[in-house]
1. Could you list all residues from the range 145-185 that are in contact with a helix residue (DSSP H, G or I) (Cβ under 6 Å, 6 or more places away or on another chain) and assigned to a strand (DSSP E or B)?
2. Residues that are among the aromatic types (Phe, Trp, Tyr), in a strand (DSSP E or B) and at pLDDT 95 or above: does the range 109-127 have at least one?
3. Is it the case that some residue within the range 83-95 is surrounded by 15 or more Cβ atoms within 10 Å (Cβ to Cβ), touching a residue at least 40 places away in the same chain (Cβ under 8 Å), of a type in the set (A, V, I, L, M, F, W, C) and more than 21 Å from GLY12 (Cβ to Cβ)?
4. Need pairs with beta-carbon distance below 7 Å; first residue assigned by TED's automatic domain parsing to the domain that holds PHE89 and within the range 10-25, second among the charged types (D, E, K, R) and at pLDDT 95 or above; sequence gap 6+ or separate chains.
5. Could you tell me whether any residue of the range 47-70 is on the phi > 0 side of the Ramachandran plot, at pLDDT 95 or above and either in the same structural domain as ALA168 (by TED's automatic domain parsing) or not aromatic (Phe, Trp, Tyr) (or both)?
6. Tally up the residues in the range 26-39 that are surrounded by fewer than 23 Cβ atoms within 10 Å (Cβ to Cβ), touching a Ser or Thr at 6+ places or on another chain (Cβ under 6 Å) and free of Cβ contacts under 8 Å to residues at least 40 places away in the same chain, please.
7. Looking at (1) surrounded by fewer than 19 Cβ atoms within 10 Å (Cβ to Cβ); (2) within 17 Å of the chain's Cα centre (by Cα), find the lone condition where PRO42 falls short.
Amino acid sequence: MKSIVILISGRGSNMHSLLDAVAAGSLPVRVAAVLSNRGDAPGLETAAARGVATRVVDHRAFASREAFDAALAGVIDSFVPDLVLLAGFMRILSDGFVQHFAGRLINIHPSLLPSFPGLHTHRRALAEGVRVHGCTVHFVTPTLDHGPIIVQAAVPVLDGDDEASLAARVLAQEHRVYPLAVRWLAEERLHVVDGRVLCALPQDGATALISPPA
């Protein structure tokens, strides 16, 4: 069984969905630890209550991003994970950190990448007038919010949507697709070829673009 470490900075709602999937038996991994760069992250208490090891590596204690990333990588490595999952981890990671975990570092981003990388994705989607929005699970590369795409989920942008309503609709899909993507990885169904993710899935398996049920 593959081992994962989850990185959070706040409440960790995607961490919740991963832990729930593990508890339900639909995600065949072992959660080795939950780490945060903030000691007051509410998700740490949730993880500890579920018997998961937690650690804090406070970025404010380090003089540079590289020094913080080196310390964080050392703590992660102590748990010997197969996968490192970013779940609302609000730090830009250095190239050295990303390269250290190349092929094992996964992120979920609240937009249909490559559209709207970075912050305030829902606000920007509304401002641009797009009719379809969503989320993306992808391998992390040194370029921010860029890397081979594993799975995306699309939601409609409705007349009358505001940032909060659109964010809530997207978040529901994040909770759906992140455990799915990690399961595919745990089952070794995914392979990256020429920068694209190829999925060896059953005929009745999910497709690369998932829309919410009607």
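The values are calculated or read from the model by the stated rules, or taken from the named source; none is laboratory data. This one's a predicted model, so the numbers in the text were calculated from it and none came from an experiment. When we count neighbours, we look across all protein chains shown, and the Cβ atoms used for this are built from the backbone with ideal geometry, even at glycine.
1. Residues satisfying the conditions are ILE150, VAL151, ALA153, VAL155.
2. No: zero hits.
3. Scanning the range 83-95, I find no residue that is surrounded by 15 or more Cβ atoms within 10 Å (Cβ to Cβ), touching a residue at least 40 places away in the same chain (Cβ under 8 Å), of a type in the set (A, V, I, L, M, F, W, C) and more than 21 Å from GLY12 (Cβ to Cβ), so the answer is no.
4. Once the first residue is assigned by TED's automatic domain parsing to the domain that holds PHE89 and sits in the range 10-25, its partners that are among the charged types (D, E, K, R) and at pLDDT 95 or above give ASN14/GLU174; LEU19/ARG50.
5. yes
6. Total meeting the criteria: 2.
7. (2)
This table checks each residue for (1) within 18 Å of the chain's Cα centre (by Cα); (2) among the hydrophobic types (A, V, I, L, M, F, W, C); (3) over 28 Å from VAL170 (Cβ atoms).
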{"residue": "THR54", "(1), (2), (3)": "yes, no, no"}
{"residue": "VAL57", "(1), (2), (3)": "no, yes, yes"}
{"residue": "PHE62", "(1), (2), (3)": "no, yes, yes"}
{"residue": "ALA67", "(1), (2), (3)": "no, yes, yes"}
{"residue": "VAL84", "(1), (2), (3)": "yes, yes, no"}
